[in-house]
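Report on one structure; see the data block that follows.
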């Protein structure tokens with residue numbers, strides 16, 4: 001850190017620009033959001049006043065305060081007026097987050113300034129929250145959009161797992177069928193593809209969910225540490241979250257204070273509202289791995305089943321092939337339709353798209369197998 005007091009000029013400029021921006025944004029909204037933006041501008045003014053005093057103390061000339069926004073901030077105001085404040089909150093949160101540590105190693109900064117900057121980023125993050133609080137026994141119960149969307153998560157994972165198994169093993173079996181080996185070889189290849197793919201899917205899902213759960217637990221542990229070491233800041237965060245969701249300043253403060261009286265409940269609330277996590281549902285790696293294995297196997301077995309009945313010496317090689325093709329076509333259309341229903345893209349469109357990709361993969365591998373079989377034979 002340089003000892004040149006002229007570094008305070010950069011701090012002063014940043015605080016003045018932020019204050020001017022927040023006051024301009026406050027003119028685009030009403031109610032609690034307007035009040036919150038004006039409070040933010042006031043905090044920036046306090047920081048600016050500190051740097052003005054420091055500049056005078058060191059005998060550095062204080063520049064005049066800006067009266068107009070720069071081009072970048074003027075663009076944000078234009079966007080906020082056209083699309084609403086929500087359209088610029090992500091940018092504001094990122095900007096404050098990027099500047100959150102600007103005073104961490106500044107010995108001339110007030111002890112509260114670093115915390116203030118982090119609080120500003122948190123306030124914008126809270127403003128981006130969605131949902132209207134419902135009250136049960138005097139405490140707000142937020143209907144979280146991410147939680148509602150997760151209700152069909154298991155179903156979606158199962159359907160997409162079946163889709164992967166169906167397409168990949170159909171292509172594999174058709175490749176071996178194109179090479180014109182006997183039915184037993186095709187059956188073995190199909191079973192090998194089923195097991196290899198299912199175990200691969202299960203292992204990948206297990207590692208992914210286990211790593212994600214470890215990360216979530218670490219985030220909750222860090223939140224618990226902050227709750228223990230900085231209770232005032234965490235109470236302020238709770239208050240900001242509830243104000244951003246529509247509570248009055250007084251109600252939000254009372255609710256935050258009530259929550260802080262029970263550290264376990266406060267941690268649970270911060271995990272859900274600040275981190276977007278449900279501490280009771282961090283994911284089960286074993287459950288996900290097992291469901292992925294079963295889903296993939298179900299899809300992969302479709303084209304294998306016909307060959308189970310044609311393994312005797314002299315058995316027809318065309319009958320199981322045609323039966324496998326028919327079963328694959330029907331399954332591709334059905335799975336594609338279900339995917340379309342879940343995604344909202346449209347049953348017919350998704351069914352035809354699934355069929356197109358599956359049939360294309362099967363045809364390519366079939367003809368590649370045929371060419372390899374001819375060249376070897």
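The values are calculated or read from the model by the stated rules, or taken from the named source; none is laboratory data. Not measured: the values here are computed from a predicted model. Cβ sites come from the backbone with ideal geometry, for glycine too, and all protein chains shown count toward neighbours.
Quick notes on this one:
- Helices (runs of 4 or more DSSP H) fully within segment 101-198 that include at least 1 residues being modelled with pLDDT of 85 or more: 153-178.
- When 312, 326 are screened for being out of contact with any helix residue (DSSP H, G or I) (no Cβ under 8 Å at 6 or more places or on another chain), at negative phi, surrounded by fewer than 16 Cβ atoms within 10 Å (Cβ to Cβ) and assigned to a helix (DSSP H, G or I), only 326 passes.
- Residue 286, sole failed condition from (1) over 30 Å from residue 166 (Cα atoms); (2) assigned to a helix (DSSP H, G or I): (1)
- Listed by first and then second residue, the pairs with beta-carbon distance under 6 Å, at least 6 apart or on different chains, first residue in segment 335-349 and in the same structural domain as residue 158 (by TED's automatic domain parsing), second loosely packed, with under 14 Cβ neighbours inside 10 Å and modelled with pLDDT under 85, are 340/346.
- Selection within segment 226-271 - in a helix (DSSP H, G or I) and either in contact with a strand residue (DSSP E or B) (Cβ under 6 Å, 6 or more places away or on another chain) or without any contact (Cβ under 8 Å) to a residue 12 or more places away in the chain (or both): 226, 229, 232, 250, 251, 254, 264, 265, 268
- Matching residues, segment 272-293, being under 30 Å from residue 191 (Cβ atoms) and free of Cβ contacts under 8 Å to residues at least 24 places away in the same chain: 287
- Restricting attention to segment 79-112, the residues that are surrounded by fewer than 13 Cβ atoms within 10 Å (Cβ to Cβ), touching a residue at least 24 places away in the same chain (Cβ under 8 Å) and in contact with a helix residue (DSSP H, G or I) (Cβ under 7 Å, 6 or more places away or on another chain) add up to 0.
- Among the candidates 341, 345, residue that is modelled with pLDDT under 90 and part of a helix (DSSP H, G or I): 341
- If you check 39, 35, 13 for being in a helix (DSSP H, G or I), within 17 Å of residue 109 (Cβ to Cβ) and out of contact with any strand residue (DSSP E or B) (no Cβ under 9 Å at 6 or more places or on another chain), only one passes: 13.
- Scope segment 58-78; condition in a helix (DSSP H, G or I) and either touching a residue at least 24 places away in the same chain (Cβ under 8 Å) or touching a strand residue (DSSP E or B) at 6+ places or on another chain (Cβ under 7 Å) (or both); matching residues: 73, 76, 77
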